[in-house]
Amino acid sequence: MEIRVVNLEKGLPSLEQACSRLTDALRQARADGTQLLKLIHGYGSKGKGGALRDGLRGSLGRMKMQGDITGFVAGEDWRVSDATTWRLLKRYPGLRQDADLGRGNRGITIVLL
C-alpha cells in the first residue's frame, strides 16, 4: 500500500492556502484511487502555535463528521499502541515501513479516504 505524501507547509502558506492545497490533494487522491495521504504541515516550532496544524486538523475533523474522509491519525498518535493506527496497520501492512511510525511527529497527519 502506497501512502502519498503531501507537503502543505512548503513555501510557508497561510492557513487558507494550505486548506486549498488540502482540498486539491483530496480531490486528486480520489480521482486516482489513492486511499492514504501523509500530510506534512509542521508543528509550529517557531513559537507561532502551529496554526497550520491546528487549522488543518480542525478541517479534517469536520470532513470526517461530514463523511468526506474516513478518518485521520495525528502524527503524535501514529504508533502501534493507538487503536486507529493499529487498524490501519492490520489493513495496510506496508505502512509499518513508514519512517514516522512511532516517532511522535506532531508535524504530520495521516488521512484515510
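Here, each number is a calculation from the coordinates, and none is a lab measurement. Just so it is clear, the model here is predicted, and its values are computed rather than measured. We place every Cβ from the backbone using ideal geometry, glycine too, and count neighbours over all the protein chains shown.
Computed quantities for the displayed model
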{"item": "Sequence-separation-based contact order of the range 4-112, relative, with Cα cut under 8 Å and 6+ spacing, percent", "result": "31 percent"}
{"item": "Charge dipole magnitude, Cβ of K and R +1, D and E -1 - the chain, Cα centre, debye nearest 20", "result": "120 debye"}
{"item": "Whole-Å semi-axes of the chain's equivalent ellipsoid (Cα gyration tensor)", "result": "21, 17, 12"}
{"item": "Gap separating the Cα centres of the range 4-67 and the range 88-113, nearest whole Å", "result": "15 Å"}
{"item": "MRE, 222 nm, helices only [DSSP H, n ≥ 4, -39500 (n - 2.57), over the chain, to nearest 500]", "result": "-12500 deg cm²/dmol"}
{"item": "Exposure proxy ranking, count of Cβ atoms within 10 Å, fewest first, for Arg4, Arg91", "result": "Arg91, Arg4"}
